[in-house]
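Okay, so here's the structure we're looking at.
The values are calculated or read from the model by the stated rules, or taken from the named source; none is laboratory data. Small disclaimer: the values here were computed from a predicted structure and weren't measured. Cβ sites come from the backbone with ideal geometry, for glycine too, and all protein chains shown count toward neighbours. Each accessible area value is taken on the protein alone, full model and side chains, heavy atoms only, with ligands, DNA and RNA left out. Shrake-Rupley method; radii C 1.70, N 1.55, O 1.52, S 1.80 Å.
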Amino acid sequence: MSVTERILLGPGPSNPYPEATLGLAAPLLGHLDPEFLALLERTCDRLRSLWGTENPLTLPLSGTGSLGMETAFANTVRDGDVVVVAVNGLFGERMCEVAGRYGAHVIRVDHEWGRPVDVERVLAAHPSPAIVAAVHAETSTGVVSDIGALGRALRERSDDTLLLVDCVTSLGGMPMELDAWRVDIAYSGTQKCLGVAPGLAPFTFSERAWERRVQSPPVWYVDLGLLGAYVRGGPGGRAYHHTAPTAMVASLDAALGRIEEEGPEAVAARHEEAGARLREGLTEMGLELFAEEGHRLSQLTSVRVPEDVDSGKVRERLLREFGLEIGAGVGPYAASIWRIGLMGHNARPDRAELVLAALRRVLER
């Protein structure tokens, strides 16, 4: 079998931590094996710690980050509920789509792509929505928004609104304090800053959200009542729901252990250092950064493609000549920006220098 190795410096997936790869290769356990259940509990505890939450219902869902989004809305939206969505990129757009499919009356608060969420505009959209949804780190543009400011403002105004947040590109790459930020529901993905292969969606659901959840959501697979009975158990023990991907959970647990050992603060600082070096180098090359200054992600940098350059050809040559992947833009910016990720195991200065050198070589030609 031919195996091709790539340096994955796009918007995800990223190259996994070595510990995650070893965890994936460990002897397989059954999903009800006591040893696996102990590992699952430790994984959930580690997710709580990294996320800065005490939510009892915190677990890795068996699916990618998109399943996290689906689960969030399926368990909270009732027909006719007002859902305000801050849209400043592709994944805000998707939130509108998913919420609408569950019967929500969606109110979009559109922002220019590459700009952070405007808290005052979101608050002004509706006086008492059932849910406000926003993206913490917008993968499509490389911009970060102040979720803490949004959550605190919402809670000061009313105790009736749930805050739902996409943390796919932020978890594992920057400091997070969901409880302090008053976030009720959040989801992520394993393939970015957590440094694990794609396949799991870390998910957390507050007690406030649990009290208001949809008792029988229209999609059986994402019913948190059923999933909670498996993950948390009950008087009669754990109830079978589905065959959990035990090898993936073991891989996630190993990566979380790696992050825990290094220290979340040190991991965040490593992402910041690598991102700063990348931005500095791109600017030195005469390239223009896309996301608004002061709100740029360290783990994912968006940069404008020069007017006389074919974006696709540059990415193709980087892949063919250097085995190095960077990402194109999406939506209206599909051909006009590149997205370069330094996430998880790749959040290192040497990776920044590598992509800068390769990009410089290709552009010079």
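What you get for the chain, charging only the Cβ of Lys and Arg (+1) and of Asp and Glu (-1), is a dipole of about 520 debye around the Cα centre.
Size check on the range 53-105: the Cα extents along the three principal axes, sorted descending, read 29, 24, 20 Å. Distance between the modelled labels on ALA26 and ALA125, one decimal in nanometres: 4.1 nm (7 Å Cα→Cβ projection). Restricted to Cα atoms, the range 85-211 shows a radius of gyration and a Dmax of 13.7, 41 angstrom.
Considering only alpha-carbon pairs that sit under 8 angstrom and 6 or more positions apart, the relative contact order computed for the range 1-96 is 10 percent.
For the chain, hydrophobic long helices are taken as DSSP H runs at least 18 Å long by C-alpha position along their axis with mean Kyte-Doolittle hydropathy of -1.0 or more; these are 34-51, 246-262, 264-284, 349-364. Net length available on complete extension from ASP45 to ARG365 is 110.2 nm, with 0.36 nm assigned per residue and the Cα-Cα distance removed.
Within the range 247-270, list the residues whose amide N lies under 20 Å from a label point set 7 Å along Cα→Cβ of ASP350. Zone members listed by number: 258-259, 262-263, 266-270. Average accessible surface for the range 162-251: 33 Å² per residue, computed with a 1.4 Å probe over protein heavy atoms with every protein chain in place.
Across the options ILE107, VAL196, THR53, the greatest Cα extent toward the positive end of the charge dipole of the chain (unit charges at beta carbon of Lys, Arg, Asp, Glu) belongs to VAL196. Each of LEU289, PRO306, ALA276 was scored by the projection of its Cα onto the charge dipole of the range 268-307, and the greatest displacement toward the positive side belongs to ALA276; charges sit on the C-beta of Lys, Arg, Asp and Glu.
About the centre of its Cα atoms, the range 1-118 shows a dipole size close to 120 debye [charges on the beta carbon of Lys, Arg (+1) and Asp, Glu (-1) only; nearest 20 debye]. Scaled against the 2.2 N^0.38 Å expected of a compact globular protein of N residues, the Cα radius of gyration of the range 276-332 reads 1.18.
Between ALA335 and LEU319, the simple spin-label model (points 7 angstrom out along Cα→Cβ) gives 1.8 nm. Averaging 1/r over each pair of different alpha-carbon atoms in the range 194-345 and inverting the result gives 19.3 Å, the Kirkwood hydrodynamic radius.
For the range 92-142, the extents of the C-alpha atoms along the principal axes are 30, 24, 15 Å, listed from largest to smallest.
The modelled label-to-label distance for the pair ARG108/GLU293, using points 7 Å beyond Cα in the direction of Cβ, is 3.0 nm. For the range 181-269, the percent of C-alpha pairs falling in each 10 Å distance bin, counted from 0 to the bin holding the largest distance, reads 14, 36, 36, 13, 1. Between ASP308 and ALA239, the contour length at 0.36 nm per residue exceeds the alpha carbon distance by 18.9 nm. Under a Gaussian network description of the chain, with springs only between Cα atoms under 10 Å, the residue in PRO116, PRO60, PRO127 that fluctuates furthest is PRO127.
Radius of gyration (Cα atoms) of the chain, expressed as a multiple of 2.2 N^0.38 Å: 0.98. Dividing the convex hull volume of the alpha-carbon atoms in the range 258-363 by its residue count gives 106 Å³ per residue. The fraction of accessible area contributed by carbon and sulfur in the chain is 51 percent, rounded to a whole number (1.4 Å probe; ligands and nucleic acids excluded).
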